[in-house]
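*Asks:* If you scroll down you'll find the structure; I have some questions about it.
The values are calculated or read from the model by the stated rules, or taken from the named source; none is laboratory data. This is a predicted model, so every value here is computed, not measured. Using ideal geometry, Cβ is built from the backbone for each residue, glycine included, and neighbour counts are taken over all protein chains shown. Remember, those area values only see protein heavy atoms, side chains included, never the ligands or the DNA or RNA. Shrake-Rupley method; radii C 1.70, N 1.55, O 1.52, S 1.80 Å.
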Amino acid sequence: MKLLVCGGAGFIGSNFVRQRVNDHGDEVVVLDALTYAGRPENLEGLGVTLVHGEIQNAEKVAEAIGDGVDAIVNFAAETHVDRSISGPDAFVETNVRGSLVLLEAAREREVKRYVQISTDEVYGSIEEGSFTEESPIVPSSPYSASKAGGDLLVQSYLHTYGLETVIARGSNNYGPYQYPEKLIPLMVLNALHDDKLPVYGDGLNVRNWLYVEDFGRGISHVLGHGAPGEVYNVGGPDESTNIEVVKGILKHTGKDESLIEYVTDRPGHDRRYSLGSEKARALGWSAQVRFEEGLEKTVAWYRDNTAWWEPIRSGEYREYYERHYGRALG
Ligand code: NAD
Ligand code: DAU
């Protein structure tokens, strides 16, 4: 296939591109704005074409589509909940308006398939049981609200224009190449540096962890076999409280639990996510990597890939970190 992968220089997008090139032999064009989270080095050696531009820019989108593509897979987004709380504008701009510009281009160019990468966060928080694709959309942060907005536009393009759209909603991903603002890589790098590990609130919020390669395989099933107009949840095999995750990281890095520091909670912090993935399993997908194994592999990857994260930790990240955690961590 010839694929246009938007946001393909980020964490999940670049892992997906690696799978499509290596396992499927696809030709891939990546359109990416290369924000702080987009790293061209994530795509090194894969032989893909990288178009530097925003998905809201119709001319750049047209350039990336070129003579035509078989499908568009849209990962491009502002993705960090904490950043959406301190500055929501970019979230609406990329996640809502950007999705609209892409859909419009897909319609005009009669692209055969459009896959929107979405999140379990659009369903809000769930105390017991798991979300299904029929669960109500009740997002609670500016991030998840903007992702829900993007999803609704995607569905409107099927109903109104007959564009073949599908949506894949993933649970919390972890693995190689994740920008260290998110829980797992942040805690791994802090532990390796003997820095404090800032746990929000009581540390008992629950997340449903999905190894990034399992999400990539799930997305490929949805791309290849998903029915037009349908939503597919792609959830991880294991749930864990944040404090269990942090203690697991301390074990794998050989560091002491005295590094843990409980800090002020995230405003509107969703208590628990849990995704039922029966529909994706009916397409032939299942998660291969249990959390314990994936966490150990992830810690090892960060330990072995200092050249990837050292430039990140000394750049924009340092400013963000001080702004966000400075006061809490003294
Ligand atoms: P990421 O922040 O690592 O990467 C986002 C990528 O999008 C970056 O390469 C960035 O440069 C690019 N981008 C941002 N704004 C853009 C714009 N306006 N135009 C073009 N490119 C732009 O994010 P991620 O964790 O890899 O998430 C990818 C997708 O998966 C997102 O849509 C996210 O909502 C969704 N998702 C993430 C998770 C998770 O746990 N990380 C779980 C479920 C779904
Ligand atoms: O559920 C899917 C979503 O998972 C994706 O859609 C988002 O793009 C992705 O960022 C992620 O959102 P979360 O808010 O769940 O992930 P984050 O890594 O920011 O936080 C995970 C949990 O850890 C959450 O309960 C907040 C907590 N946390 C996070 C950070 C960064 C801490 O306790 N301390 C921290 O410093």
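*Asks:* Restricting attention to region 167-199, which residues are among the acidic types (Asp, Glu) and open to solvent by 10 Å² or more (accessible area, probe 1.4 Å)?
*Replies:* Listed by number, the residues that qualify are 194, 195.
*Asks:* Please enumerate the residues belonging to region 165-206 that are within 15 Å of ligand 1 (Cβ to nearest atom), hydrophobic (A, V, I, L, M, F, W, C) and in contact with a Lys or Arg (Cβ under 6 Å, 6 or more places away or on another chain).
*Replies:* Across region 165-206, the qualifying residue is only 206.
*Asks:* Additional query: So which residues in region 207-225 are of a type in the set (Lys, Arg) and away from ligand 1 (no atom under 12 Å from the Cβ), if there are any at all?
*Replies:* If the condition is that a residue be of a type in the set (Lys, Arg) and away from ligand 1 (no atom under 12 Å from the Cβ), then 217 is the only one that fits.
*Asks:* What tally of residues in region 150-166 results from selecting those that are open to solvent by 10 Å² or more (accessible area, probe 1.4 Å) and either closer than 19 Å to residue 78 by Cβ or within 16 Å of ligand 2 (Cβ to nearest atom) (or both)?
*Replies:* Final tally of qualifying residues: 2.
*Asks:* Got a sec? Which strands (runs of 3 or more DSSP E) wholly within region 1-116 have at least 2 residues that are touching a Pro at 6+ places or on another chain (Cβ under 7 Å) and open to solvent by 20 Å² or more (accessible area, probe 1.4 Å)?
*Replies:* Where strands (runs of 3 or more DSSP E) fall fully within region 1-116, none carries at least 2 residues being touching a Pro at 6+ places or on another chain (Cβ under 7 Å) and open to solvent by 20 Å² or more (accessible area, probe 1.4 Å).
*Asks:* Might you let me know whether region 308-328 holds any residue that is touching a Pro at 6+ places or on another chain (Cβ under 8 Å), hydrophobic (A, V, I, L, M, F, W, C) and surrounded by fewer than 15 Cβ atoms within 10 Å (Cβ to Cβ)?
*Replies:* Looking for residues that are touching a Pro at 6+ places or on another chain (Cβ under 8 Å), hydrophobic (A, V, I, L, M, F, W, C) and surrounded by fewer than 15 Cβ atoms within 10 Å (Cβ to Cβ), one finds at least one in region 308-328, hence yes.
*Asks:* Within region 126-137, is even one residue near ligand 2 (Cβ under 10 Å from one of its atoms) and either within 26 Å of residue 290 (Cα to Cα) or not basic (Lys, Arg) (or both)?
*Replies:* no
*Asks:* Inside region 298-307, can you point out the residues that are open to solvent by less than 20 Å² (accessible area, probe 1.4 Å) and among the hydrophobic types (A, V, I, L, M, F, W, C)?
*Replies:* Across region 298-307, the qualifying residue is only 299.
*Asks:* Could you tell me which residue of region 253-268 is most open to solvent (accessible area, probe 1.4 Å), considering only residues that are touching a residue at least 60 places away in the same chain (Cβ under 8 Å) and either closer than 28 Å to residue 216 by Cβ or more than 25 Å from the chain's Cα centre (by Cα) (or both)?
*Replies:* The residue in question is 262.
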